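Please read the structure below before turning to the comments.
The values are calculated or read from the model by the stated rules, or taken from the named source; none is laboratory data. Since the structure is predicted, the reported quantities are computational estimates derived from the model, not experimental observations. Every residue, glycine among them, receives a Cβ derived from its backbone with ideal geometry; neighbour counts consider all protein chains shown. The protein model used for the area step is the full one, side chains on, heavy atoms only, and it has no ligands, DNA or RNA in it. Shrake-Rupley method; radii C 1.70, N 1.55, O 1.52, S 1.80 Å.
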Amino acid sequence: MRVVRYIGKRMLFIGPQLFGIILVSFFLVKLIPGDPAVMMLGPLATEATLTELRNEMGLNLSLVEQFYIYIKNLVLHGDLGRSWQTTRPVTEDLFLRMPATLELITLGLILGLLIGVPLGVGAAYLKRGILAKFSDYYGLLAGALPDFWLALVLIFFFYTILGWVPPPLGRLDFFTIAPPTVTGALLIDSLLDGNWAALGSAAGHLILPVVTLGLISGGPILKMTQSTMDRMLESDYSRYEEMCGLPKSIIIRHALRNSLPSVVTIVSVLYGFLIGGAVLVEIVFSWGGAGQYAVQGVLNADINPVLGFVFFAAVLSLIIYLIVDLIYFAIDPRVRG
Amino acid sequence: MAENSAAGTILNIEGLNVSYPVYETDPVRALRGIDLKVREGEIIGLVGESGSGKTTLARSIMQLISRPGRVDSGRIEYDGRDLATLGEEELRALRGNDIAMVIPNPRTELNPLVTVGMQIANVARYHLSLPRKEAKKMAMAMLEAVQIPDPTRRFKAYPHELSGGMAQRVVMAIALICSPRFIISDDATSGLDVTVQTQVLELLQDLVQQQGASMLFITRDIGITAHYCHQVAIIYAGEIVELASTQNFFDNPQHPYSVMLLSAFSHNPKLRGLWTKVVDAALEGAAESGCYFAARCVRASDKCRAEHPDMREMTDAHSVRCHHPVER
């Protein structure tokens, strides 16, 4: 009951929150110098055609008027405008690209969890062991290495030298027929379609970028798990369980359960960050994801994709935080009240 | 060792010294030469102020001294076995099963994410190798035994949903479920209202005696020991200063510190006035060579400051560590 009321309350705030985000990002993006009309028509365009285009795009109107039109289109038609680079509606573009990014970072974070949590638990439990040393160095390296550099190294070894993985050019081989789009995540779509060739190809292309993101995000997950587990294993109830003579495995399992909220928090922060933050990895692998789309927009004074991306990322972040809260509810009876 | 068991001694502590290293200074000596015997079926009260080493003693018996503390010398024998020689697995099998602890702050020491029923059941499950269902049944019976109101509902409750008194009962259920032979109650009721405290203590005493177990009853409240203990031991600065049967102790407390402890409950302002003289630095200032209590003692002489008193048996079942014991 409490959960339902809580979700309802959160839903009420989603609208105002999104409006605030759009308001701020709209005016900030407009501050970026660069005239779309010049970018679109090239350096040889005459002043008359430029003015005509500006009028057509509404650039002659005041910022407030432009903002009003933008919001009106969004609320009434779900229209985020067009990208002049792709000449398609931004919503369509993003519905195509966002799943690519989400598939990538979701799998990357799952791998990060698989690396970070066991290492963190092990390092917290065996404080002086080799594992703890290894975790220390790993945490340091994962924090220090740039993701795109790691991606390039991985490509060099596993594609150029060993040839174990497909070339880092997009999400499928050129000759593979893509499955019909249902979710936009190629693994799921090809499974639904029963298209095994596409499934294999998509999985192959996912390996290196996912490993890159997994190795990098494993670092903070490891650190968070380790420090929380450290605290939990020293906590009163862990000592009490020890006093009651419970097996180590149970004590560790209980401590891990008490550490989960922190791990969930760091994963949600990483997720929100990676929606845009995975862009360098996307570029290295020509992934065609949402981050890449937004950066192209910024570079070419193509404002609508940028704003659209911010809007999508904001919605996703709000959804993620809602899910996180639901997970807290599930884990901790004290939150349930 | 065999003769100890024959004489019915379940726990025998001899010359136990425990210290906590402190960075760049002398280690803090938490326990200094503790000698204590607990017979089977006996409840022995251990009374002392904060920092006197009560909890360290309890944790030493469990072989779980908080880091970086360590045993410098002495031995603890449980049922004829030197605990220091046991391996980690043997100790684990002993803890919670043979030697159980009732803790003082159950609401922070119970796992917040596990229902209290399962926390009780877990202890039975892993010590008695019971299947989950059996263990749960036993936990339920135990909740009834500690007289928790509405046990079926409380079984599924989480620690934060319990009152202090109920949480204390849960901790007792955990301690008693494996029918341990030795129970340590570490200031277990200090957080409760006086009325609830009495109920819980009566219950604890009943259950301990039903099971024929022995108990080391650690408390700061000397009055409680009069009702529940066979023997009373007074600990000061890591040292037992007086040990007597409850009858003898309350008839004729002999150590000046014991008298001061008793006088703290007195209505006589002159007696209570003794406590205003307490020197804060007394503990640290005490010369290693003299009596540790000399700086706070009203009867201290030059001898007390120069020479450390030994434990002397004054009468039958009454020993005291003092050069000038109080006489009636």
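Observations, loosely collected:
- As a length-normalised measure over Cα pairs under 8 Å and 6 or more apart, the relative contact order of the range A:1-102 settles at 13 percent.
- Of A:GLY81, A:GLY58, A:GLY218, the residue with the greatest mean-square motion in the GNM of chain A, using alpha carbon springs below 10 Å, is A:GLY58.
- Just so you know, the Cα atoms of the protein assembly as shown work out to an Rg and Dmax of 35.4, 118 Å.
- Sum of -39500 (n - 2.57) over DSSP H runs of 4+, divided by residues of chain A (222 nm, nearest 500): -25500 deg cm²/dmol
- In order along the range A:174-179, the Karplus-derived 3J(HN,Hα) couplings, from 6.51 cos²θ - 1.76 cosθ + 1.60 at θ = phi - 60°, round to 4, 8, 8, 7, 5, x Hz, and Gly and Pro are given as x.
- Each 5 Å bin from zero holds the following percent of Cα-Cα pairs in the range B:106-177: 4, 21, 33, 26, 13, 3, 0.
- Cα→Cβ-extended label distance, 7 Å offset, between B:SER289 and A:TYR68, nm: 9.6
- Kirkwood Rh (inverse of mean 1/r, distinct Cα pairs), the range A:202-323, angstrom: 17.1
- In this simple spin-label model, placing a label point 7 Å from the Cα along the Cα-to-Cβ direction at both A:VAL153 and B:MET118 gives a separation of 4.2 nm.
- In chain B the Cα-Cα distances spread across 20 Å bins starting at 0 as 30, 56, 14, 0 percent of all pairs.
- Given 16 as the ceiling on other Cβ atoms within 10 Å, longest exposed-site-free region of chain A for trypsin sites (Lys or Arg not before Pro) in DSSP loops: A:129-337
- The charge dipole of the range B:106-177, taken about the Cα centre with unit charges on the Cβ atoms of Lys, Arg (+1) and Asp, Glu (-1), comes to about 220 debye, rounded to the nearest 20.
- Loop-located GluC sites (Glu not before Pro) in the range B:1-75 (DSSP state not H, G, I, E or B) with no more than 11 neighbouring Cβ atoms inside 10 Å: B:GLU24.
- Legend: residues B:ILE224, A:ILE303, sorted from most to least accessible area (1.4 Å probe; ligands, DNA and RNA excluded), read A:ILE303, B:ILE224.
- A dipole drawn for the protein assembly as shown from +1 and -1 charges on Cβ atoms has a positive end, and of A:ILE327, B:GLY96, B:LEU207 the residue lying farthest that way is B:LEU207.
- Working note: 222 nm ellipticity from helices only, DSSP H runs with n ≥ 4, each -39,500 (n - 2.57), summed and divided by the residues of chain B, gives -9500 deg cm²/dmol to the nearest 500.
- Remark: the range A:98-289 carries a charge dipole of roughly 560 debye about the Cα centre, counting +1 on each Lys and Arg Cβ and -1 on each Asp and Glu Cβ.
- Table column - 3J(HN,Hα) (Hz), the range A:83-88, Karplus curve with 6.51, -1.76, 1.60, x for Gly and Pro: 8, 6, 6, 8, 6, 10
- The distance between label points at A:ASP236 and B:GLU313 comes to 4.2 nm (points 7 Å beyond Cα on the Cα→Cβ vector).
- Value of relative contact order over chain B, rounded to a whole percent, pairs C-alpha under 8 Å and six or more apart: 18
- Think of the range B:106-177 as a dipole: +1 on every Lys or Arg Cβ, -1 on every Asp or Glu Cβ, centred on the Cα centre; then among B:SER129, B:PRO151, B:VAL170, B:SER129 lies furthest on the positive end.
- With the Kirkwood sum run over all distinct C-alpha pairs, the range A:66-110 has a hydrodynamic radius of 12.0 Å.
- Surrounding net charge for B:MET138, when Lys and Arg each add one and Asp and Glu each subtract one, Cβ distance under 12 Å: +3
- Each DSSP beta bridge with both residues in the protein assembly as shown is either parallel or antiparallel, and the antiparallel ones are about 60%.
- Charge dipole (the range A:98-289, unit charges on Cβ, about Cα centre) - positive-most of A:SER190, A:ASN258, A:GLY272: A:ASN258
- Counting every C-alpha pair in the range A:98-289, the share spaced more than 26 angstrom apart comes to 42%.
- Kirkwood-type radius of chain A, with distances r between different C-alpha atoms, in Å: 22.8
- Only Lys, Arg (+1) and Asp, Glu (-1) charged, at Cβ; chain A dipole about Cα centre in debye: 1280
- Table column - 3J(HN,Hα) (Hz), the range A:193-209, Karplus curve with 6.51, -1.76, 1.60, x for Gly and Pro: 7, x, 8, 5, 4, 5, 4, x, 5, 5, 4, x, 5, 6, 3, 5, x
- Amide H contacts under 5 Å for B:CYS322, placed H, 5+ residues apart: B:ARG312
- Residue among B:PRO151, B:PRO159, B:PRO27 with the largest mean-square fluctuation in a Gaussian network model of chain B, springs linking Cα atoms under 10 Å: B:PRO27
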